1. Name the residues in segment 70-101 that are of a type in the set (Lys, Arg) and either in a loop (DSSP other than H, G, I, E, B) or surrounded by fewer than 15 Cβ atoms within 10 Å (Cβ to Cβ) (or both), would you?
2. Got a sec? Which of Ser77, Ser53, Ser60, Ser34 is closer than 21 Å to Arg4 by Cβ and at pLDDT below 95?
3. Given the conditions (1) within 16 Å of Met8 (Cβ to Cβ); (2) surrounded by 14 or more Cβ atoms within 10 Å (Cβ to Cβ), report the number of the one that Leu63 does not fulfil.
4. Quickly run through segment 1-42 and pick out the residues that are in contact with a Ser or Thr (Cβ under 8 Å, 6 or more places away or on another chain), exposed (fewer than 14 other Cβ atoms within 10 Å of the Cβ) and more than 10 Å from Leu65 (Cα to Cα).
5. For segment 31-46, enumerate the residues that are within 15 Å of Gly16 (Cβ to Cβ) and of a type outside the set (Val, Ile, Thr).
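The values are calculated or read from the model by the stated rules, or taken from the named source; none is laboratory data. Because the structure is a prediction, the values reported are computed rather than measured. Cβ coordinates were reconstructed from backbone atoms using ideal geometry, including for glycine residues, and neighbour counts include every protein chain displayed.
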Amino acid sequence: MKPREVTMVHIYLTEGDKLLNQLMQQLHDEEQVSGVTVFRGITGFGKQGHIHSSGLIDVSFDLPLVIEFFDSADKVSKIIDDLKTLIEPGHVVSWPATTYE
């Protein structure tokens, strides 16, 4: 296997932000990243301190979401710049990683 340097990205949202479909469409159609995975959390809170959680009795439609993808550093830099109008500051995290092809 041959190593390739990439940049990994996590975007933090809640379902209540109602941005998931728009982000998925942008990442797929416009940015054409290789792949995206969305994780739905069972509980979480952000800087506002409001806890978003799901229990057995109630069904929450405002659970935490993490959108994860990776691509080349140059491409990720452009994507993050493009997303600045949609995503609140501090909700995008990236770091270098290695993938093996």
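1. Going through segment 70-101, the residues of a type in the set (Lys, Arg) turn out to be 75, 78, 84.
Across segment 70-101, the qualifying residues are Lys78, Lys84.
2. Details: Ser77 fails: at pLDDT below 95; Ser53 fails: closer than 21 Å to Arg4 by Cβ; Ser60 fails: closer than 21 Å to Arg4 by Cβ.
Among Ser77, Ser53, Ser60, Ser34, only Ser34 is closer than 21 Å to Arg4 by Cβ and at pLDDT below 95.
3. Answer for Leu63: the failing condition is (1).
4. Selection gives Pro3, Arg4, Glu5.
5. Within segment 31-46, Arg40, Gly41, Gly44, Phe45, Gly46 meet the criteria.
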